[in-house]
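Reading through the structure tokens given below for one structure.
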Amino acid sequence: MKRLLLNIFFAIALTASLATPSFAARITIIGAGASFPFPVYAQWANKYGKVQGVRINYQSIGSGGGIRQIKAKTVDFGASDAPLKPADLDEAGLIQFPMIVGGVVPVVNIRGLEPGALRLTPELLAEIFLGKITIWNDPAIVGLNPGIKLTDQPIIVVHRSDGSGTTWIFTNYLDKVSSEWHKQVGTAKAVNWPTGVGGKGNEGVAAYVTQVPGAIGYVEYAYALQNRLNHVQLKNKAGRFVSPSSTTFQTAAAKADWKSSVGYYVVLTDQPGENSWPITGASFILLQRNMPDTERARKMLAFFDWSYRHGKDIAERLDYIPIPDSLVDMIEKTWSETLRSQGGVVWP
Amino acid sequence: MGSYRGVQDRTFAGLATLSAGTVILLVVGIFVALLAGSGPSIREFGARFLFAQEWNPVSQQFGALSSIYGTLLSTGIAMVIAVPLSLIIALFLVELAHPAVSRVVGGAIELLAAIPSIIYGMWGLFVLAPVMARYVQPFIGKWAGDLPLFTGPPIGIGMLTAGIILALMILPFITSVTRDVFNMVPDVVKESAYGLGATTWEVTRQVTVRHGIMGIVGACFLGLGRAIGETMAVTFVIGNTHRISPSLFAAGNSIASTLANEFTEAAENLYLSSLIELGLVLFLITFLIQLAARIWLQRTRRKLGVTR
């Protein structure tokens with residue numbers, strides 16, 4: 001009870017502080033939402049603040065919170081890992097565009113296994129997470145990995161316990177590749193998991209997988225690298241086994257058909273291409289189409305533009321994939337066409 | 001002068017009433033806020049919310065049973081471990097230990113109480129869970145693995161580990177209050193019992209414990225209150241899954257851990273409202289326990305003829 005009260009208190013305090021106008025002299029752009037891109041947004045904001053003197057305050061309160069806040073107009077921009085449907089965007093008067101791309105990686109804890117050696121097919125991954133395959137030396141896994149010694153160790157599935165964009169991307173993938181998953185579980189930021197234990201945050205899943213022998217979980221790529229977790233090879237749509245890397249994420253992102261998708265509603269999972277990592281995802285920015293303060297709006301868009309064009313090395317250093325220039329041009333054209341403030345065009 | 005003092009008294013009385021009133025206002029306010037927030041969920045699910053196990057954000061079906069079960073079970077395990085242990089420690093400190101030892105151990109217990117819960121959670125995850133997985137659970141499984149209570153793979157996290165962590169967290173509270181209670185038993189009473197030829201055990205059981213029973217029960221409820229709403233430490237080790245399993249080794253969840261996990265990303269109205277209703281359920285459980293404690297205390301008081 002005490003905790004809940006505390007949470008409510010903080011929620012109120014946070015909302016209050018977000019709604020408070022900033023000091024007149026120096027504009028502070030306020031954003032809130034997804035935690036998956038938080039490291040790169042924070043670095044961009046920091047660097048941009050030094051270069052341009054505009055402060056960007058990004059609160060990683062979760063995609064759900066970000067969507068609520070931008071709808072309530074208490075922040076300048078919202079951020080979400082899952083794209084909103086075009087109809088929802090229209091209803092709330094919002095636009096969205098992808099800001100950064102990243103990958104989700106299944107990781108395992110099997111003693112004596114070479115890093116990146118275990119191969120899995122989409123069907124097997126789905127059956128493991130459905131609780132249908134429960135031991136590591138199941139004939140289906142052994143058949144796919146003839147060179148690897150697997151024992152009758154039980155498979156412990158580890159998933160996210162908190163709602164998360166990472167889960168959205170992962171379940172979206174399983175939903176696409178397994179009709180059984182589609183029927184029984186579906187796609188969401190939090191789902192009714194058929195089996196397994198839940199860890200809080202990427203770090204929680206990483207900790208469980210490291211500690212529990214026989215565990216399999218999924219984390220955002222940067223966490224797999226930092227915690228030296230053992231990732232798997234996945235068979236992609238083209239039928240090839242690929243390992244997660246910035247190259248395979250990039251291939252998946254490049255294959256996506258952004259042009260003909262209304263409201264940039266593109267999901268990067270299970271993309272075609274010989275070299276595409278199948279569980280890739282974009283993180284989105286949400287803006288009000290009609291912004292009250294032209295000056296603020298321009299400063300904010302200038303920050304996004306700078307991040308797209310000059311923030312690539314920062315993103316790559318943090319193992320994220322920047323948006324390709326051709327797509328950036330397209331996004332900025334959308335800004336010119338749809339964003340308005342006090343009746344006038346905001347960008348450029 | 002006289003009228004000035006009258007004003008002083010009245011002002012103070014007014015202020016005091018106002019302050020006390022704030023407490024009532026706060027409790028009622030929170031209850032009303034929770035109730036209002038739960039509206040959509042109560043209308044949608046009704047009483048089914050309390051008895052359904054399914055918690056599915058995709059199909060928007062929400063049932064609180066697994067969370068309620070987990071809250072009660074983890075708290076139950078904690079009480080079973082913590083209460084006897086605390087009583088024994090308190091008795092040791094008061095009756096048996098050398099005053100110097102008593103001071104040192106007493107200080108250590110108060111230090112334990114001051115450790116933030118997140119530290120207990122991290123310790124539970126990184127230290128206790130591996131020990132449970134490697135030694136404790138395989139050992140229990142070997143001797144009692146046929147019981148449904150102790151089945152399943154030993155993964156270290158789950159209901160049992162959560163209960164143990166909770167027990168460690170409430171132990172200092174129960175111990176220090178009980179110790180104070182035992183200290184208040186008048187020496188004269190104890191000495192007369194000894195004078196009648198009673199052994200240490202008899203004095204402890206029939207004088208000290210009997211004299212302090214109200215305080216002991218109070219201390220237990222203090223610990224219970226803390227355990228039932230504990231969030232962070234439990235979230236780290238309980239395994240966080242909406243499932244009811246007979247095995248104590250299996251993962252589960254509690255009301256508080258569900259709220260901590262899912263509040264931030266709940267975008268849909270019904271989802272959010274169901275989470276708030278979970279909060280309301282926790283509020284009511286705590287309230288009912290308080291009420292039960294009151295009634296039970298009164299009955300015990302009458303039965304034992306304690307006048308205090």
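So what are the radius of gyration and Dmax for the Cα set of segment B:169-217, in Å?
11.8, 40
In angstroms, what radius of gyration and Dmax does segment B:234-301 have, counting Cα atoms only?
15.7, 50
Using the alpha carbons of the protein assembly as shown, what is the convex hull volume per residue in cubic angstrom, as a whole number?
Per-residue hull volume (Cα only) is 229 Å³.
Relative contact order for chain B: what percent, with Cα pairs under 8 Å and sequence separation of 6 or more?
Reported relative contact order: 27 percent.
How are the alpha carbon pair distances in segment B:124-234 distributed across 5 Å bins from zero to the largest one, expressed in percent?
Whole-percent P(r) values from 0 Å outward: 2, 11, 15, 13, 11, 11, 11, 11, 7, 5, 2, 0.
Starting from the Cα-Cα distance between B:GLN206 and B:VAL104, subtract it from 0.36 nm times their residue separation and give me the gain in nm to one decimal.
Gain on stretching B:GLN206 to B:VAL104: 33.9 nm.
Hey, if you drop one equal point scatterer on each alpha-carbon of chain A and run the Debye formula without solvent, what base-10 log of I(q)/I(0) do you get at q = 0.06, 0.07, 0.11, 0.15 Å⁻¹?
One equal scatterer on each Cα of chain A leads to -0.23, -0.31, -0.74, -1.26.
Rounded to the nearest 0.05, what FRET efficiency is calculated for A:LYS183 and A:GLU316 with R0 set to 41 Å and r the Cβ-Cβ distance?
Values: r = 39 Å, r/R0 = 0.95.
It comes to 0.55.
Kirkwood Rh over Cα pairs of segment A:98-237 into Stokes-Einstein at 10 °C, 1.306 mPa s: D in µm²/s? Kindly include the intermediate steps, with their values, before the conclusion.
Values: Rh = 15.0 Å.
My calculation gives 106 µm²/s for D.
For chain B, which DSSP H helices look membrane-span-like by this rule: Cα extent along the axis of 24 Å or more and mean Kyte-Doolittle of at least 1.0?
B:65-91, B:159-183, B:213-229
Amide H neighbours of A:PHE36 under 5 Å, counting only residues 5+ apart in sequence or on other chains, H built in-plane at 1.01 Å?
Answer set, sorted by chain and number: A:GLY165.
Quick check: at a probe of 1.4 Å, how many percent of the accessible area of segment A:71-137 sits on carbon and sulfur atoms?
Numbers: 1090 of 2420 Å².
Summing carbon and sulfur atoms, their accessible area is 45 percent of the total for segment A:71-137.
Can you report the principal axis dimensions of segment B:75-149 using only the alpha carbons, biggest first, rounded to whole angstrom?
45, 27, 22
Give the calculated FRET efficiency between B:PHE12 and B:TYR194 to the nearest 0.05, with a Förster radius of 45 Å applied to their Cβ-Cβ distance.
Efficiency, rounded to the nearest 0.05: 0.40.
Can you spot the lysines whose alpha carbon is less than 16 Å from A:LYS312's alpha carbon? Ignore those fewer than 8 places along the same chain.
Those lysines meeting the cut-off are A:LYS47.
Which residues among segment B:24-54 fall inside the zone where the amide N is under 12 Å from a point 7 Å beyond the Cα of B:LEU291, along Cα→Cβ?
What the label zone holds, given the 12 Å backbone N cut-off, is no residue at all.
Skipping prolines and chain starts, which residues have an amide H placed within reach, meaning under 5 Å, of the one on A:SER161, given they are 5 or more residues away or on another chain?
When sequence neighbours closer than 5 places are left aside, the close amide H contacts are A:GLY199, A:LYS200, A:GLY201.
For A:ASN192, list long-range residues whose amide hydrogen, built 1.01 Å from N in the peptide plane, is under 5 Å from its own amide hydrogen.
B:VAL58
Using just the Cα positions, wrap segment B:1-103 in a convex hull and report its mean projected area in square nanometres, one decimal place.
14.6 nm²
Along Cα→Cβ, 7 Å out, is where each label goes; now give me the distance between the ones at B:ASN183 and B:VAL136 in nm to one decimal.
3.0 nm
Just need the relative contact order of chain A here, percent rounded to a whole number, with Cα pairs under 8 Å and 6+ apart.
Result for chain A is 22 percent.
When each pair of different Cα atoms in segment A:55-105 is counted once in the 1/r mean, what is the Kirkwood radius in angstroms, to one decimal?
In segment A:55-105 this quantity evaluates to 12.0 Å.
List, in order, the whole-Hz ³J(HN,Hα) value for each residue of segment A:134-149 obtained from phi through the Karplus relation with A = 6.51, B = -1.76, C = 1.60 and θ = phi - 60°; use x for Gly and Pro.
The phi angles translate into 10, 10, 6, 8, 4, x, 5, 6, 4, x, 7, 10, x, x, 9, 7 Hz.
Report the accessible surface area buried between chains A and B, summing both sides, using a 1.4 Å probe on protein heavy atoms only, in Å² rounded to the nearest 100.
The contact between B and A buries close to 2900 Å².
Quick one: Cα centre-to-centre distance for segment B:1-50 and segment A:215-240, in angstrom?
52 Å
Which whole-angstrom value gives the distance between the alpha carbon centres of segment B:190-266 and segment A:131-167?
One Cα centre to the other: 37 Å.
For segment B:44-173, just list the percent of Cα-Cα distances falling in each 5 Å bin from zero outward, please.
In whole percents, the pair-distance histogram is 2, 9, 13, 15, 16, 14, 13, 9, 4, 2, 2, 1, 0.
At 7 Å along the Cα-to-beta-carbon direction for both B:ALA47 and A:MET330, put a label point, then send me their distance in nm to one decimal.
So the label points at B:ALA47 and A:MET330 sit 5.6 nm apart.
Determine the relative contact order of segment A:262-348: mean sequence separation of Cα pairs under 8 Å and six or more apart, normalised by residue count, in whole percent.
Relative contact order, segment A:262-348: 29 percent.
When averaged across all projection directions, what area in nm² does the alpha-carbon convex hull of chain B cover?
If I average the Cα hull's projected area over directions, I get 23.6 nm².
Send over the Kirkwood Rh of segment A:187-311, from the inverse of the averaged 1/r over different Cα pairs, rounded to one decimal Å.
17.5 Å
For segment B:1-55, state the average projected area of the convex hull of the C-alpha atoms over all orientations, rounded to one decimal in nm².
For the Cα atoms of segment B:1-55, the hull's average projected area reads 5.2 nm².
The values are calculated or read from the model by the stated rules, or taken from the named source; none is laboratory data. Just so we're clear, the structure is a prediction, and the values are computed from it rather than from any experiment. Cβ sites come from the backbone with ideal geometry, for glycine too, and all protein chains shown count toward neighbours. With ligands, DNA and RNA removed, areas are computed over all heavy atoms of the protein, side chains included. Shrake-Rupley method; radii C 1.70, N 1.55, O 1.52, S 1.80 Å.
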